[in-house]
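Every number here is computed from the coordinates shown, using simple stated rules; none is lab data. Note that the structure is predicted; figures quoted are calculated from it, not measured. Cβ atoms come from the backbone with ideal geometry, glycine included; neighbour counts cover every protein chain shown.
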Amino acid sequence: MQTVSRKQDDNDHRTQAFGPGRRRPKGLHAEIDFRGNAIWTYREGHGPRIRINETFGTQAFEEAYYKARLTYGHADAPVAAPKPVGLSPTNPASLAWLIDQFLRSPGQRQMAEGTQKQRRNVLGRIAKKNGSVAFREVTDDTIRELRDTIAATGKLTAANAAIAHLRLAFDWAIEQKHVAKNPCLGVKGVKCKGGTNHVWTDAEASQFEQAYPLGTRERLAYALLLYSGQRGVDVVKMGRQHIHAGLLSGLKAQKTGKAIEVPVLPVLQEAIDACTEKGDLTFLIDPKTGAPFNIERFGRWFRAACDKVDVPNCTPHGLRHLGATRLAANGCKHQTLQAIYGWNLQTAIRYTQTAEHAATAKAEIHLLAKRAA
């Protein structure tokens with residue numbers, strides 16, 4: 001066994017520390033055996049060596065180092081072990097590193113921009129608070145503790161999103177042979193009451209229409225959202241070049257990549273023609289900048305318009321739900337909802353079943369007052 005040269009040892013003060021930018025702790029030494037493997041030991045002065053058998057760079061290694069330092073036989077008072085600081089975000093053993101590599105992977109970079117942004121936000125918060133743990137030491141109990149910690153703040157949707165995105169990250173880690181098992185499997189989400197977006201009522205829709213008559217920018221945005229059935233992120237891209245022979249087309253939904261092909265209703269065409277504040281290549285223009293809206297700015301602007309006319313719970317996305325609810329209530333088939341909204345079969349059927357249940361209850365509730373013969 002040979003001892004690492006002093007020159008190499010000096011260089012290793014920076015590269016072989018517990019994390020990048022940290023110097024090697026006092027008393028920690030590395031020796032190279034005949035196979036070329038590093039053997040780590042703790043030693044004070046010319047005293048005996050205590051071998052550290054844990055894998056270098058892990059939290060277990062750091063804890064073993066401090067244990068050796070505490071139990072080393074000398075007359076001086078023992079040095080208190082500091083609170084473990086965890087792994088550096090750039091340490092290949094850390095959860096933060098795993099998350100970063102997952103987000104940089106080719107499969108993730110091919111996802112829709114909105115999906116990538118949401119995933120970066122969710123996993124970024126996890127990496128910031130929990131990224132110092134070793135990802136190979138993450139268990140299902142670790143995931144449950146994280147879920148419960150987030151849910152305790154009242155953010156139930158965020159707690160479920162954390163599980164969902166971490167599950168994808170560990171699925172990727174399995175493919176890359178970083179781990180053998182996904183710790184998120186078997187971890188259930190927390191139950192949430194209601195949906196994530198308020199569905200506009202007909203009364204709220206009428207109130208908005210009265211406050212913003214035809215010709216206003218707000219009424220045009222409202223009509224595009226409701227009568228095209230598309231998401232706000234796609235509505236802000238719509239312009240005259242997307243309307244041909246009464247058909248809205250030439251766009252792909254940003255979230256799903258599916259082609260948008262929806263007939264233009266007369267009520268929508270009326271709102272487009274009447275608006276004096278519209279653009280050309282994009283109908284909706286930001287009044288503050290004079291440029292097309294980005295989705296974040298559009299959401300804030302439209303929400304402010306809703307607050308101004310006392311419909312504070314209403315959002316752009318809620319109009320998409322209102323449209324689907326109206327169609328289902330008027331008897332349209334789930335295939336129609338799939339064609340307009342780009343939904344999968346399960347989502348479309350949920351709307352039609354809700355409408356059917358409401359209609360059935362209304363038609364037969366009178367039987368409740370009829371006594372059996």
Residue by residue, what Karplus-based ³J(HN,Hα) values in Hz, rounded to whole numbers, does segment 298-315 have, using 6.51, -1.76 and 1.60 with θ = phi - 60° and x for Gly and Pro?
4, x, 5, 5, 5, 5, 5, 5, 5, 4, 4, 10, 6, 10, x, 8, 8, 9
Between Asp148, Asp280, Asp171, where does the largest GNM mean-square fluctuation fall for the chain, given springs only between Cα atoms within less than 10 Å?
Asp280
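Arrange the following residues from fewest to most other Cβ atoms within 10 Å of their Cβ: Ile272, Ile99. List each step's numbers first, then the result.
Working: Ile272 18, Ile99 26.
Listed from fewest to most nearby Cβ atoms, that is Ile272, Ile99.
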Taking Lys258, Lys237, Lys26 and counting other C-beta atoms within 10 Å, the order from fewest to most
Lys26, Lys258, Lys237
Taking other Cβ within 10 Å of each residue's Cβ, how do Ser206, Ser249 sort, fewest first?
Ser206, Ser249
Count charges around Thr216 for me, please; just the other residues with Cβ under 14 Å from its Cβ, Lys/Arg as +1, Asp/Glu as -1.
-1
With n ≥ 4 as the cut-off for DSSP H runs, can you work out [θ] at 222 nm for the chain, using -39500 (n - 2.57) per run divided by the number of residues, rounded to the nearest 500?
-15000 deg cm²/dmol
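Express the relative contact order of segment 202-361 as a whole percentage, based on alpha carbon pairs under 8 Å and six or more residues apart in sequence. Don't jump to the answer; show the numbers that get you there.
Working: 206 pairs, mean separation 40.0, N = 160.
So the answer I get is 25 percent.
Using the structure shown, list the pairs from Lys117/Lys191; Lys255/Lys278; Lys237/Lys258; Lys252/Lys278; Lys117/Lys255; Lys155/Lys188 with a Cα-Cα distance above 18 Å, or answer none. Can you show the working numbers first?
Details: Lys117/Lys191 25 Å; Lys255/Lys278 25 Å; Lys237/Lys258 15 Å; Lys252/Lys278 22 Å; Lys117/Lys255 11 Å; Lys155/Lys188 15 Å.
With Cα atoms farther than 18 Å apart: Lys117/Lys191; Lys255/Lys278; Lys252/Lys278.
Count charges around Ser206 for me, please; just the other residues with Cβ under 15 Å from its Cβ, Lys/Arg as +1, Asp/Glu as -1. It would help to have the intermediate numbers written out before the result.
On the way: positive: Arg219, Arg326; negative: Asp202, Glu204, Glu209, Glu218, Asp310.
Local charge sum for Ser206: -3.
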What is the chain's relative contact order, in percent, from Cα pairs under 8 angstrom and six or more apart in sequence?
10 percent
Phi-derived 3J(HN,Hα) across segment 254-265 with the Karplus relation (6.51, -1.76, 1.60, θ = phi - 60°), rounded Hz, x for Gly and Pro, is 5, 6, 10, x, 7, 5, 9, 9, 10, x, 8, 5
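Once you keep just the Cα pairs under 8 angstrom separated by 6 or more residues, what percentage relative contact order results for segment 95-175?
Numbers: 51 pairs, mean separation 30.8, N = 81.
Value for segment 95-175: 38 percent.
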